Amino acid sequence: MRPSLPVCGGPSSRAWLTRQFNDPYVKARLTQSPSALSPATRFRSRSAFKLVEMDAHYKLIHPGRTKTVIDLGAAPGGWSQVVSAKLGGFRNLGLERDERDEKKALDGSGWGIASPGHPSTELWSSSEPSIKTEDEDTPDVSQTKPTIIALDLLRILPIPGVQTLQTDFLLPAAEPLILGLLPDYQTKADLILCDMAANSSGNPTRDTEASYTIAQSVFDFATRHLKTCAPGAADGGSLVMKYFVSPSTHAFRNTHLKKSFRHVYHVKPDSSRSESNEAFWVCKYFLGAPRSPKKTEGGSPSSPQPEMSRKGKRLSSPPKLPIPTD
Ligand SMILES: C[S@@+](CC[C@H](N)C(=O)[O-])C[C@H]1O[C@@H](n2cnc3c(N)ncnc32)[C@H](O)[C@@H]1O
């Protein structure tokens, strides 16, 4: 996500500019051409590099095998670009803005569908036109086209092969909208991504609560919609979820994630700024929804107890970009 420029020119804005100019990932995002990517295929966000790193290390996206991906908190679309590029081999990552697409994005005409009954919810199903217009450009990676769904509060401009939804994930209406974009209601996701972050309120307690609410909702969603691992097999779905280190994160990992996935890693990609307390959980091989917690002596279900938490570990070597060159 591109941070906005500070409004005044004081010391904090100078510090921000210095950090931006010296940040190798900001430079890489802006100069991904022509050797790695054409100007039309630049990532929309610096965040894209975090997924590139995690994918290279944990092998999350498999062309031909990964069929369904749901990207939550996806705007402006860097992570979805990475998924689209790797699964579909799309060379144009959606940055060449066709005038027609711009017009549709602005006036809501064409294939934008306003979701009835939810005025604040707007569905942008870009799959049809994006997939069709990019066909000539697209190597045939597999017989079945992958389903990639990207959701955000903010509008996401079209990305080839990606269906986008503009809605609040925390609303009950979001889930049926996502399910409506799957090939059918039985389809389970191979990969659920969440880089969602609530706006900072400046109040640490409130911010921790907001990030806990997101983590809990994403986990619950994943337990309903991730592909379950067959016994003894290594084919269950994966979940990648951002978290902000707080006293309750370690407990969340133990009481939720570790009971539902064969492997849970906590990761701090090199491209994640060290001064940020964000980190990611990479959870592989979904084992199925956890059983509801047993009642304790006192009669209440055991709830996560605040514990000291750890920051995710740094990935060792920055990987190469898995994007096809022109
Ligand atoms: C760090 S940005 C995501 C960057 C993205 N992964 C990329 O590579 O471009 C976090 C996003 O989470 C979104 N977000 C926060 N709360 C949300 C919610 N309740 N529902 C949907 N999106 C949300 C924000 O609008 C923001 O665009």
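The values are calculated or read from the model by the stated rules, or taken from the named source; none is laboratory data. Predicted, not measured: the structure shown is a model, and the values here were computed from it. For neighbour counting, all protein chains shown are included, and Cβ atoms are generated from backbone atoms with ideal geometry for every residue, glycine included.
Among all residue pairs at least 6 apart or on different chains, which show Cβ distances below 6 Å where the first residue, located in segment 197-222, is within 13 Å of the ligand (Cβ to nearest atom) and the second is charged (D, E, K, R) and at pLDDT below 90? That search, which allows pairs on different chains as well, returns S200/D207; S201/D207. Scanning segment 164-176 for residues that are surrounded by fewer than 24 Cβ atoms within 10 Å (Cβ to Cβ) and either touching a residue at least 12 places away in the same chain (Cβ under 8 Å) or aromatic (F, W, Y) (or both) yields a count of 9. Among the residues of segment 205-227, is there at least one that is assigned to a loop (DSSP other than H, G, I, E, B) and buried (at least 17 other Cβ atoms within 10 Å of the Cβ)? Yes, that holds for at least one residue. Only one of the listed residues (L51, L72) is within 14 Å of the ligand (Cβ to nearest atom), modelled with pLDDT of 60 or more, of a type in the set (A, V, I, L, M) and in contact with a Cys (Cβ under 9 Å, 6 or more places away or on another chain). That residue is L72. Scoring F169 on the criteria (1) of a type in the set (F, W, Y); (2) closer than 20 Å to W79 by Cβ; (3) part of a helix (DSSP H, G or I) leaves a single failure, condition (3).
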